[in-house]
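First comes the structure, then the notes that go with it.
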Amino acid sequence: MNIIQKLNNRIDEVSSLLCIGLDSELKKIPVYLHAEQYPQYIFNKAIIDATHTLVCAYKPNIAFYEERGEKGMKELKMTMDYLRTKYPEIITICDAKRADIGNTNKGYVAHIFDYLGFDAVTLHPYLGKEALQPFLDRKDKASIILCKTSNPGSGEFQNLVVGKQMMYEQVAMHVSKEWNRNDNCMLVVGATYPEEMKKIRSIVGTMPFLVPGIGAQGGDIQKTVSAGMDKDTRGMIINSARSIIFASAGTDFAKRAKEEATNLRTTINKFRFVK
């Protein structure tokens, strides 16, 4: 099954565009879990078990595991093995923002796709298609290219005018028209820039967006859904991390995460299916 088909099937199955970011920073997870041998994994497993019926994807940011060295990477691997075994229908995204040249990329591909088992990875386009080719060649996986990111300083380069378009529009055009030969590309488009999102949607058709910026970053849900949804009421993976996974620092953290995820999915769908 093509990765985009897998995503669309999951969106339809659970009626959800919601992605939960498993940004499980050790110092922010409940203190009582720190005594466990695998605190990040136990935290992630509880969040996953509580919310799996509500999401189309999970997105760990690899930085929160890399910073713990061998221990953190082991717990990320344990998390991925659990997801692949228990919930293989859910899309998994490695937020790593990789891209390099030659054999370096082959190492990233082998580690992220084959060893860790992710369905998708975030990538930056600055080195061009040649650098990303090992990722793009993986027909069974998704390459999610940074286009218009949610951070306040994103316009420093992304809004530079190139020809008659801004650079983010050029990225959208190149990815959709030239890089997406295997129908396995997506774009990162931040919820904090709904007008830019609307422009990108007009360029790329139904290509899915990974959408950060909802929740702690303050992106407006109604404007985001209106600007980014495709003609089939899909086309978006709307990510939220901190406001869900850290909704409580107590023993009820998984229950509270489920409540927050339920509320967010309900709000997204209210605007998704508006007539």
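The values are calculated or read from the model by the stated rules, or taken from the named source; none is laboratory data. Only a predicted model underlies this, so the values are computations on that prediction, with no experimental measurement involved. Heads up, the Cβs are rebuilt from the backbone with ideal geometry, glycines too, and the neighbour counts pull from every protein chain shown. Surface accessibility is based on the protein's heavy atoms, side chains included, excluding ligands, DNA and RNA. Shrake-Rupley method; radii C 1.70, N 1.55, O 1.52, S 1.80 Å.
Odds and ends about this structure:
- Region 8-57 - Debye-derived log10 I(q)/I(0), Cα point model, q = 0.21, 0.27 Å⁻¹: -0.73, -0.96
- Local electrostatic count, Asn239, Cβ distance below 11 Å [Lys/Arg +1, Asp/Glu -1]: 0
- Using the rule -39500 (n - 2.57) for each DSSP H run of four or more residues, divided by the residues of the chain, the 222 nm mean residue ellipticity is -12000 deg cm²/dmol.
- For Thr206, net neighbour charge (Lys/Arg +1, Asp/Glu -1) across residues whose Cβ lies under 13 Å away: 0
- The calculated P(r) of region 109-202, using every Cα pair and 10 Å bins from 0, goes 16, 48, 29, 7, 0 in percent.
- Computed from Cα positions, the angle between helix 39-51 and the longest principal axis of the chain comes to roughly 70 degrees.
- With the highest mean first, a sort of the peptides 239-246, 5-12, 194-201 on other beta-carbon atoms found within 10 angstrom per residue produces 239-246, 194-201, 5-12.
- Computed from Cα atoms, the angle from the helix 253-272 axis to the main principal axis of the chain rounds to 30 degrees.
- Cα-centred dipole magnitude for region 1-84, charges only on beta-carbon of K, R (+1) and D, E (-1), debye, nearest 20: 80 debye
- When the solvent-accessible area of region 1-137 is split by element, carbon and sulfur atoms take up 52 percent of it, the probe being 1.4 Å.
- For region 191-244, the per residue solvent-accessible surface stands at 39 Å², with DNA, RNA and ligands left out and a 1.4 Å probe.
- Listed by chain and number, the aspartates and glutamates whose alpha-carbon sits under 13 Å from that of Lys77, ignoring those within fewer than 8 places in the same chain, are Glu66, Asp114.
- Relative to the longest principal axis of the Cα atoms of the chain, the long axis of helix 70-86 lies at roughly 80 degrees.
- In region 158-232, inverting the average of 1/r over every pair of distinct C-alpha atoms gives 12.7 Å as the Kirkwood radius.
- A Cβ-based charge dipole, computed about the Cα centre of the chain with Lys and Arg at +1 and Asp and Glu at -1, lands at about 440 debye.
- Dipole magnitude for region 46-135: about 60 debye, using +1 per Lys or Arg Cβ and -1 per Asp or Glu Cβ, origin at the Cα centre.
- Among the listed pairs Lys59/Lys86; Lys6/Lys86; Lys141/Lys223; Lys86/Lys270, a Cα-Cα separation exceeding 18 Å is found for Lys141/Lys223; Lys86/Lys270.
- Within a straight-line Cα-Cα reach of under 12 Å, Lys198 can be paired with the following aspartates and glutamates, leaving aside sequence neighbours fewer than 8 residues apart in one chain: Glu169, Asp230.
- Ordering of 105-116, 176-187 by packing is 176-187, 105-116, highest average first (other Cβ atoms within 10 Å, averaged per residue).
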